[in-house]
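Here the structure is laid out as structure tokens; the discussion comes afterwards.
The values are calculated or read from the model by the stated rules, or taken from the named source; none is laboratory data. All values reported here derive from a predicted model rather than from experimental measurement. Every residue, glycine as well, gets a Cβ built from its backbone with ideal geometry; the counts of neighbours run over all protein chains shown. The area values use the complete protein model at the heavy-atom level, side chains included, leaving out ligands, DNA and RNA. Shrake-Rupley method; radii C 1.70, N 1.55, O 1.52, S 1.80 Å.
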Amino acid sequence: MADTPLDGQVAFVTGTSRGIGKALALRLADAGAKVVSTGKSVEPHEKLPGTIVETTEEIRERGGESIYRQLDVRDEESVQRAIDATVDEWGQLDVVINNAGAIHLAPFEETPPKRFDLLMDVNARGAYTTTHAALPHLRESDHAHVLTMSPPLGMEAAPGKAAYALSKLGMTFIANSLAEELAGDDIGVNSLWPVAAIETEATRQFDLGRPEDWRTPEVVCDATMEILTRDPTECTGNQFYDEDLLREAGVEDFSQYAVVEGTDPGPTSAWLFDPEYERPE
């Protein structure tokens, strides 16, 4: 793979203030893409590190090209403005990554309708709104990809996290449906989900294990690059796990992604939606 396989492409990434979104923005920029850093955080937060401005500044410091645009994926007007600004700035749009997300892991009685609405609006509706606004421009690209950060379908029930599961699986359902609608339109539409938990602020906040149980966001970045460098006419309609995809690409040693050296994080992220998930022998 060349050092800049995405050279000349424009990538629009939601939720780039921190965590996986920021790591993706940096990786895409390092690969030559012009990156639009988006999200709500433009001023430092007393409890949460990072802003979309800082992500853009870091990309520029590394020699990449980036702009930032504040948006709330629940607000289609702000999403449309950000998409329009992207095309005004660079004249094209080639990659959309639906990364922004809300999480709430709680039983039904501890999830009021207002929280349900938030999860659905940020996750399923947010991915729908962003992709809908971007689609006319993606049709003009000769290497268009839409990638949604959501798990494979197939879950029959989600006790203790019904609202969250519905919102995340909804993202995948939308992506899978759009891939079929766009068959023959040269736009790749896929979903991607990590097998192991990824070290992020959300992982810490919701007490999803310990550092020994986590991988770095780089495993998701490597899997994302594997998708985005494939022919979108052939790579579409897939529901990828990062491990499966990287094994297919020839990765054998996953210890490089462990947050704590020498540990082997279990498939806790896959288990959120597929309690019977087992790694291949």
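Please identify the pairs in which a residue from region 49-66 that is over 17 Å from Ile20 (Cα atoms) has its Cβ atom under 8 Å from the Cβ atom of a residue that is of a type in the set (Asp, Glu) and assigned to a helix (DSSP H, G or I), counting only partners at least 6 apart or on another chain.
Going by the 8 Å Cβ cut-off, the qualifying pairs are Arg62/Asp30; Gly64/Asp30.
Taking the options Gly184, Gly170, Gly209, name whichever one is on the phi > 0 side of the Ramachandran plot, out of contact with any Ser or Thr (no Cβ under 7 Å at 6 or more places or on another chain) and either of a type outside the set (Asp, Glu) or modelled with pLDDT under 95 (or both).
Result of the check over Gly184, Gly170, Gly209: Gly184.
Does at least one position in region 134-156 carry a residue that is part of a helix (DSSP H, G or I), crowded, with 18+ Cβ neighbours inside 10 Å and under 16 Å from the mean Cα position of the chain (by Cα)?
Checked region 134-156: at least one residue is part of a helix (DSSP H, G or I), crowded, with 18+ Cβ neighbours inside 10 Å and under 16 Å from the mean Cα position of the chain (by Cα).
Can you name the residue in region 15-71 that is over 19 Å from Glu201 (Cβ atoms) and of a type in the set (Gly, Ala, Ser) and, of all such residues, is surrounded by the fewest Cβ atoms within 10 Å (Cβ to Cβ)?
The qualifying residue surrounded by the fewest Cβ atoms within 10 Å (Cβ to Cβ) is Gly63.
Has region 192-201 got at least one residue that is closer than 11 Å to Leu147 by Cα and without any contact (Cβ under 8 Å) to a residue 60 or more places away in the chain?
Yes, the conditions are met somewhere in region 192-201.
Would you be able to tell me the number of residues in region 225-281 that are open to solvent by 40 Å² or more (accessible area, probe 1.4 Å), assigned to a loop (DSSP other than H, G, I, E, B) and of a type outside the set (S, T, N, Q)?
Of the residues in that region, 19 qualify.
Hey, any hits in region 100-108 for a residue that's part of a strand (DSSP E or B), under 20 Å from Gly21 (Cβ atoms) and modelled with pLDDT of 95 or more?
No - not one qualifying residue is present in region 100-108.
Identify all residues within region 157-200 that are open to solvent by 50 Å² or more (accessible area, probe 1.4 Å) and not in a helix (DSSP H, G or I); write none if there are none.
If the condition is that a residue be open to solvent by 50 Å² or more (accessible area, probe 1.4 Å) and not in a helix (DSSP H, G or I), then Ala157, Pro159, Ala183, Gly184, Asp185, Asp186, Glu199 are the ones that fit.
Spot the failing condition for Ser37; the list is (1) outside any loop (DSSP other than H, G, I, E, B); (2) at pLDDT below 95; (3) among the small types (Gly, Ala, Ser), and only one is missed.
(2)
Among the small types (Gly, Ala, Ser) and more than 20 Å from Thr131 (Cα to Cα): does that describe Ala31?
Yes, satisfied.
In region 201-219, what count of residues is obtained for those that are surrounded by fewer than 21 Cβ atoms within 10 Å (Cβ to Cβ), touching a helix residue (DSSP H, G or I) at 6+ places or on another chain (Cβ under 8 Å) and not charged (D, E, K, R)?
Here the count works out to 4.
If I go through region 1-32 residue by residue, how many of them are in a helix (DSSP H, G or I) and at negative phi?
11
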